[in-house]
């Protein structure tokens, strides 16, 4: 059974409706979240860029505990920025710990 709905709108009402939908959809992306203690977080995509590796490598490093623990917010994966910066320094000192698994 098909549920079709036929609505009559004036051009002004249609423009208003389209404008509201576009405004909602084009809303700016919020900045990276912070945890309640104010510590900035970094996404796994940004971590991949910092290390110069793929997102797949970041996921492998997570599974093998090469990277610090993650923070999940609404099914998205984040890391504490300061812990990632420490890992970058550690990678410079001991590159063998960060082999592509």
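The values are calculated or read from the model by the stated rules, or taken from the named source; none is laboratory data. Because the structure is a prediction, the values reported are computed rather than measured. Here the Cβ positions follow ideal geometry from the backbone for every residue, glycine too, while neighbour counts run over all protein chains shown.
Restricting attention to the range 54-70, the residues that are modelled with pLDDT of 90 or more and outside any helix (DSSP H, G or I) total 5. For residues that are under 30 Å from residue 81 (Cα atoms) and surrounded by 10 or more Cβ atoms within 10 Å (Cβ to Cβ), scanning just the range 1-34, find the one that is modelled with the lowest pLDDT. The extreme case among them is 32.
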